[in-house]
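Quick notes on the structure that follows.
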Amino acid sequence: MTLLRLTLALALLASTLAGPARPAGAAEELTLVSTVTRVVNLPMLVGLRLLEREDGIKVTVKDLRSPEAAMLAVIDGQGQVATGFAPFYPAIEKGAAVRGVMELSRPEFVVMAKKEIADVKALHGVRLASHSPKATVQSLLTHYLKSRPGVEPSVVFIPEGSPARAEALLRGAVDAAAFDLTAAQVVSDRAPGKFHVLIDFTDQPVSSSTLVVNGEFARTRPEVVQKLVRRILQSYREGARDLKFWVRERGPAMKEVDDAKLEGQLKALVKIFDLNGGLDRMRGPGAAANLGFQVATGNLSGPADKWKPEQFFDVTALQAVLEDIGRR
């Protein structure tokens with residue numbers, strides 16, 4: 001084989017391994033793998049619309065039923081980015097080439113109970129609806145109850161989502177339920193005075209949802225990752241200033257929800273969106289506490305000090321964006 005033919009063969013092989021090339025001038029396209037779209041996703045979705053409008057990068061959102069399925073899809077390359085919940089951490093422990101590049105939200109969950117259940121001790125033995133054994137909300141509940149010895153509710157797993165657990169509570173199928181703030185608002189509106197928030201997880205210094213990027217994509221397209229992080233942060237900051245921004249800019253998402261009702265739901269959620277992208281929980285002592293929570297709940301193996309933040313988080317893009325737009 002001549003040198004020229006060998007060079008051409010090697011070039012063809014490299015092209016094949018890299019996948020189909022994007023035609024010159026063609027618009028960049030991303031696929032984001034998520035779980036079923038809820039109100040808490042809306043600020044992120046608005047960020048994706050900004051990315052398309054301002055940067056010409058089209059994002060297709062692929063909804064899957066479970067956080068585990070979304071994690072497997074981004075690991076497998078079915079999407080370049082994903083929303084990562086509790087399964088993100090054990091996936092990395094098992095060697096998955098993915099990293100979290102920004103925090104999408106802190107916990108949005110509460111435990112609501114019948115008014116007659118006046119304190120946490122009264123949860124002992126009662127039927128309490130939760131998501132699934134490894135879900136974030138169940139991890140939060142397990143961690144919380146460890147500091148309350150003797151309080152052991154009878155947990156009923158209803159993984160179909162917060163609305164399903166809210167319905168179970170309203171129907172009397174359970175006496176308490178763990179679900180998101182939007183579902184809590186629905187329960188309060190439909191049955192005023194009959195239920196109350198018994199445990200509030202929204203002030204916990206841990207990441208609930210993380211923007212996860214496929215490792216190969218992060219390595220080859222860092223400029224796209226940075227643009228994505230910038231636009232989501234832009235959405236968070238604009239919406240925190242004016243909730244109507246998210247309502248106006250939602251596009252086709254949640255058009256079935258009345259504007260005023262949607263604004264009310266977002267008002268309950270705004271406190272869980274970090275305007276600095278969760279940087280303080282992705283590096284330094286905050287990251288150590290974040291990972292320590294995963295160890296304490298059995299989501300990661302211990303001891304906690306064997307884990308380093310950079311094994312899970314790559315804050316390069318987030319830091320670059322914050323250096324440009326400033327911290328809040």
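Screening residue 266 on (1) in contact (Cβ under 8 Å) with a residue 12 or more places away in the chain; (2) over 17 Å from residue 202 (Cβ atoms); (3) of a type in the set (A, V, I, L, M) shows it passes everything except condition (2). A residue that is of a type in the set (Lys, Arg) and free of Cβ contacts under 8 Å to residues at least 24 places away in the same chain occurs nowhere in the stretch 194-211.
Of the residues 59, 81, 36, which is modelled with pLDDT of 95 or more and under 12 Å from the mean Cα position of the chain (by Cα)?
The match here is 81.
When the residues of the stretch 178-201 are filtered to those that are acidic (Asp, Glu) and part of a strand (DSSP E or B), the one that is farthest from residue 157 (Cα to Cα) is 200.
Just one residue in the set 274, 259, 180, 203 is modelled with pLDDT of 95 or more and over 22 Å from residue 318 (Cα atoms); that residue is 259.
Quick one: which of 115, 134 is surrounded by fewer than 16 Cβ atoms within 10 Å (Cβ to Cβ) and not acidic (Asp, Glu)? Spell out the reasoning first.
Numbers: 134 fails: surrounded by fewer than 16 Cβ atoms within 10 Å (Cβ to Cβ).
Going through 115, 134 in turn, just one is surrounded by fewer than 16 Cβ atoms within 10 Å (Cβ to Cβ) and not acidic (Asp, Glu): 115.
Among residues of the stretch 64-93 that are on the phi > 0 side of the Ramachandran plot, those with a Cβ under 9 angstrom from a residue that is surrounded by 23 or more Cβ atoms within 10 Å (Cβ to Cβ) and at pLDDT 95 or above, sequence gap 6+ or separate chain, pair up as 77/214. Taken together, the residues in the stretch 211-242 that are within 18 Å of residue 281 (Cβ to Cβ) and in a strand (DSSP E or B) amount to 3.
Examine the stretch 134-142 for a residue that is in contact with a His (Cβ under 6 Å, 6 or more places away or on another chain) and under 20 Å from residue 89 (Cα atoms), and state whether such a residue exists. Let's see the steps before the verdict.
At the first step, the residues of the stretch 134-142 found to be in contact with a His (Cβ under 6 Å, 6 or more places away or on another chain) are 137-138.
So of that shortlist, the ones also under 20 Å from residue 89 (Cα atoms) come out as 137-138.
Checked the stretch 134-142: at least one residue is in contact with a His (Cβ under 6 Å, 6 or more places away or on another chain) and under 20 Å from residue 89 (Cα atoms).
Taken over the stretch 137-192, the criterion of being within 23 Å of the chain's Cα centre (by Cα), within 30 Å of residue 257 (Cα to Cα) and among the hydroxyl-bearing types (Ser, Thr, Tyr) is satisfied by 162, 182.
In the set 79, 84, 95, 47, only one residue is buried (at least 23 other Cβ atoms within 10 Å of the Cβ) and under 20 Å from residue 291 (Cα atoms); that residue is 84.
Of the residues that make up the stretch 167-187, is at least one under 29 Å from residue 95 (Cα atoms), among the charged types (D, E, K, R) and either surrounded by fewer than 18 Cβ atoms within 10 Å (Cβ to Cβ) or in the same structural domain as residue 79 (by TED's automatic domain parsing) (or both)? No: the stretch 167-187 contains no residue that is under 29 Å from residue 95 (Cα atoms), among the charged types (D, E, K, R) and either surrounded by fewer than 18 Cβ atoms within 10 Å (Cβ to Cβ) or in the same structural domain as residue 79 (by TED's automatic domain parsing) (or both). When the residues of the stretch 157-176 are filtered to those that are among the acidic types (Asp, Glu) and in a loop (DSSP other than H, G, I, E, B), the one that is nearest to residue 192 (Cα to Cα) is 175. Kindly check whether there is at least one residue in the stretch 144-156 that is surrounded by 14 or more Cβ atoms within 10 Å (Cβ to Cβ), among the aromatic types (Phe, Trp, Tyr) and in a helix (DSSP H, G or I). There is at least one residue in the stretch 144-156 that is surrounded by 14 or more Cβ atoms within 10 Å (Cβ to Cβ), among the aromatic types (Phe, Trp, Tyr) and in a helix (DSSP H, G or I).
When the stretch 69-127 is limited to residues that are touching a strand residue (DSSP E or B) at 6+ places or on another chain (Cβ under 7 Å) and basic (Lys, Arg), the one that is farthest from residue 173 (Cα to Cα) turns out to be 99. Filtered by the rule that a residue be in contact (Cβ under 8 Å) with a residue 24 or more places away in the chain and β-branched (Val, Ile, Thr), the stretch 290-328 gives 297, 315, 316, 321, 325. Checking each residue of the stretch 86-103 against the condition of being of a type in the set (Ser, Thr, Tyr), closer than 29 Å to residue 62 by Cβ and over 10 Å from the mean Cα position of the chain (by Cα) gives at least one match. Checking 107, 133 one by one, the residue that is part of a loop (DSSP other than H, G, I, E, B) and under 22 Å from residue 185 (Cα atoms) is 107 and no other.
The values are calculated or read from the model by the stated rules, or taken from the named source; none is laboratory data. It should be emphasised that the depicted structure is a prediction, and the values quoted were computed from it without experimental measurement. Reconstructed Cβ throughout: ideal geometry from the backbone, glycine too, with neighbour counts over all protein chains shown.
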